[in-house]
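Trainee: Before I ask anything, here is the structure I am working with.
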Amino acid sequence: MTTEYTCDAVVIGGGQSGLAAAHHLTNQGLNTAILEAAHEATGSWPRYYDSLTLFSPARYSALPGRRFPGDPDRYPHRDEVIDYLRSYAAGLDADIHTDTPAETVTSTGSDGFTVTTGTGAVFTAPRVIAATGSFGSPFLPILGGQNEFEGRILHASQYRDPGEFAGQRVVVVGAGNSAVQIATELAEATEVVLASRAPVNFVPQRPLGRDVHFWFTVTGFDAAPLARLVKEAPTQPVLDEGRYRAALAAGKPLRRDMFTAFTPEGVVWPDGTRTSVDAIVFATGYRPHLPYLAGTGALTETGIPHQRHGLSTTHPGLGFLGLEWQRTPSSNSLRGVGRDAAYLVRRLQPAATEADAVRVR
């Protein structure tokens, strides 16, 4: 038997983006349903590696309407973020449907959208916000000889702790925060090379005695609508109090230019030398995870949404949250998604006329 729900808004995804969206939707008095595929509305955080620590202090890591508890100047651990999101979800005036993955979204014209779920439940609403982020679509580059490589290839999304790599030779690919953090942790237990196309760009965590996020805030950089100036999301600089720079300087991990190909036993470096490798960890980012919008015309052929500042340019009433550089440098972060959610909810009108579509474009 199919269960049908009619709402003012459906938010697909119960992570930080979806929860921030629901906060603003319910504050407008809109009857809101959150559809979350997992057992609870904590997003991808429970699946991140065990030692993950935020690079932004607690005071800059909160969603709208609820401060992050505890010392505001500390850098919260992954599990603290999970607890925070769990508490935040419990305080929302929204209907949260867990274990309810969205399978298809269909435009119904003037009525808005119908969302069909894996449980058989069907939700109809004039507004839909796609807030499933990107963790479900890790990006793995393809290099020559990759299919013949006899070692293990995994994405950073599959990494948990260094114990499973003890005694192995490991290459971590990437130059961002996750790549450096994982490689440095692994180097304490095994032989590690950090491979990247360019040297790591380190930025002091606390310039002039204040955390860099303080300066991002007081200068307005963090909230600046710079997305229109960015053709491709740049590699994020690595925020460092000195630990990671010192580790690389000591060769733990050893940093090398990106390898050019695989061999069955390992990799080939740009100078032609070969190294035997047991495992490759690609910390190479993610792509938007929006499979339920396939076939709607809302996405490009490669799965990128047609959008401007989160508003769909093909379907009035459809919005997106949690995209890299959606509007600002902090769009896909705890500290920035609340601003994007407020912006989107103010402008997401349940209209289906051609005039409205033209205004969105």
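Trainee: Being exposed (fewer than 15 other Cβ atoms within 10 Å of the Cβ), of a type outside the set (D, E, K, R) and touching a Lys or Arg at 6+ places or on another chain (Cβ under 9 Å) is the filter here; which residues of the stretch 62-96 pass it?
Mentor: Selection gives 72, 87, 91.
Trainee: Can you tell me which of (1) aliphatic (A, V, I, L, M); (2) surrounded by fewer than 22 Cβ atoms within 10 Å (Cβ to Cβ); (3) under 25 Å from the mean Cα position of the chain (by Cα) is the one residue 175 doesn't meet?
Mentor: (2)
Trainee: What residue, among those in the stretch 120-144 that are of a type in the set (Val, Ile, Thr) and modelled with pLDDT of 95 or more, is farthest from residue 337 (Cα to Cα)?
Mentor: Once the filter is applied, the top-ranked residue is 122.
Trainee: Could you say whether any residue in the stretch 275-291 is outside any loop (DSSP other than H, G, I, E, B), hydroxyl-bearing (Ser, Thr, Tyr) and modelled with pLDDT under 95?
Mentor: yes
Trainee: While we're on this one: Read through the list (1) under 22 Å from the mean Cα position of the chain (by Cα); (2) modelled with pLDDT of 95 or more; (3) not aromatic (Phe, Trp, Tyr), then give the number of the only condition that residue 150 fails.
Mentor: Of (1) under 22 Å from the mean Cα position of the chain (by Cα); (2) modelled with pLDDT of 95 or more; (3) not aromatic (Phe, Trp, Tyr), only one is false for residue 150: (1).
Trainee: Okay, next question. Check 323, 318 and return the single one that is crowded, with 18+ Cβ neighbours inside 10 Å, closer than 20 Å to residue 299 by Cβ and at pLDDT 95 or above.
Mentor: 318
Trainee: Quick test of your reading of the structure: residue 119 fulfils all but one of (1) open to solvent by 50 Å² or more (accessible area, probe 1.4 Å); (2) part of a helix (DSSP H, G or I); (3) closer than 24 Å to residue 6 by Cβ. Name the failing condition by number.
Mentor: (2)
Trainee: Out of 149, 139, I need the residue that is touching a Phe, Trp or Tyr at 6+ places or on another chain (Cβ under 9 Å), open to solvent by less than 30 Å² (accessible area, probe 1.4 Å) and not acidic (Asp, Glu). Which one?
Mentor: On inspection, the qualifying residue turns out to be 149.
Trainee: List the number of the failed condition for residue 54; all other conditions in (1) touching a Pro at 6+ places or on another chain (Cβ under 7 Å); (2) of a type outside the set (D, E, K, R); (3) modelled with pLDDT of 95 or more hold.
Mentor: (3)
Trainee: Then there's this: Given the conditions (1) at pLDDT 95 or above; (2) of a type outside the set (Val, Ile, Thr); (3) crowded, with 20+ Cβ neighbours inside 10 Å, and given that residue 342 satisfies all but one, which numbered condition is not satisfied?
Mentor: (3)
Trainee: For residues that are in a helix (DSSP H, G or I) and of a type outside the set (D, E, K, R), scanning just the stretch 153-172, find the one that is surrounded by the most Cβ atoms within 10 Å (Cβ to Cβ).
Mentor: Here the answer is 156.
Trainee: Residues of the stretch 188-210 being closer than 18 Å to residue 258 by Cα and not in a strand (DSSP E or B), which ones?
Mentor: 197, 198, 199, 200, 201
Trainee: If you don't mind, another one. If you check residue 250 against the conditions, is it open to solvent by 20 Å² or more (accessible area, probe 1.4 Å) and not charged (D, E, K, R)?
Mentor: Taking the combined requirement at face value, the residue satisfies it.
Trainee: Okay, moving on. Those residues that are more than 13 Å from residue 244 (Cβ to Cβ) and hydroxyl-bearing (Ser, Thr, Tyr), I need them from the stretch 159-195; list them, please.
Mentor: 159, 190, listed by residue number.
Trainee: If I filter the stretch 188-204 for residues that are of a type outside the set (Ser, Thr, Tyr), closer than 30 Å to residue 59 by Cα and touching a residue at least 60 places away in the same chain (Cβ under 8 Å), do I get at least one hit?
Mentor: So far as the stretch 188-204 goes, no, none of its residues is of a type outside the set (Ser, Thr, Tyr), closer than 30 Å to residue 59 by Cα and touching a residue at least 60 places away in the same chain (Cβ under 8 Å).
The values are calculated or read from the model by the stated rules, or taken from the named source; none is laboratory data. Since the structure is predicted, the reported quantities are computational estimates derived from the model, not experimental observations. Heads up, the Cβs are rebuilt from the backbone with ideal geometry, glycines too, and the neighbour counts pull from every protein chain shown. Surface areas here come from the heavy atoms of the whole protein model, side chains and all, with no ligands, DNA or RNA. Shrake-Rupley method; radii C 1.70, N 1.55, O 1.52, S 1.80 Å.
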